[in-house]
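Each reported figure results from applying straightforward, stated rules to the coordinates on display, with no laboratory input. This structure is a prediction, so every number in the text was calculated from the model and none was measured. With ideal geometry, Cβ positions are generated from the backbone for all residues, glycine too; neighbour counts draw on all protein chains shown.
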Amino acid sequence: MTDFKPEDYIKYRIERARETIEEVQTHIENKFWNTAINRLYYACFYAVGALLAKHKIEVNSHPGVRQKFGEHFVKTGKFEKRLAKHFTELFDKRHKGDYNDFFDYDEETVLRLYPLSKELIEQIEKLLTE
């Protein structure tokens, strides 16, 4: 087994965030709205995970990521509340889209959330360089 340094994990997670947000464009082109929501959430989740890892904040669940992100970055003013609310909205929408039967998102919803997700990732990338 290979030993990974914390920097390796952080780099891996932010790269996953970048790949995943780019993948969303394909889902939009193919009108896979629920899949696009899922990937928007995970792109942001990977970025937030990288930020938490950089600051040695351990979490082991999706709700834990949201809670620690809010506690250490939103409440302290290091990260914009509107984008943190966006992350929470994605969490809720991803859960609903993945687990509720007979529920489908639409183009309008995805196209509204896509640029906010890209902005969230960009802001986290800036925080990672500080």
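Please give the calculated 222 nm ellipticity per residue for the chain, where each DSSP H segment of at least 4 residues contributes -39500 (n - 2.57) and the sum is spread over every residue; nearest 500 deg cm²/dmol?
-25500 deg cm²/dmol
You can think of it this way: the chain between His55 and Lys81 has 7.4 nm of extra reach, that is 0.36 nm per residue less the Cα-Cα gap. Charge tally for Leu113 (other residues, Cβ to Cβ under 9 Å; Lys, Arg +1; Asp, Glu -1): +1. Exceeding 24 Å between C-alpha atoms, which entries from my cross-link table qualify? They are Lys54/Lys75; Lys31/Lys96; Lys5/Lys96. Beyond 24 Å: Lys5/Lys96. Peptides 80-90, 32-42 ranked from most to least packed by the mean count of surrounding Cβ atoms within 10 Å: 32-42, 80-90. Hey, can you list the DSSP H helices of the chain whose Cα span along the axis is 24 Å or longer and whose average Kyte-Doolittle score is at least 0.0? Those that clear 24 Å and a mean of 0.0 are 33-54.
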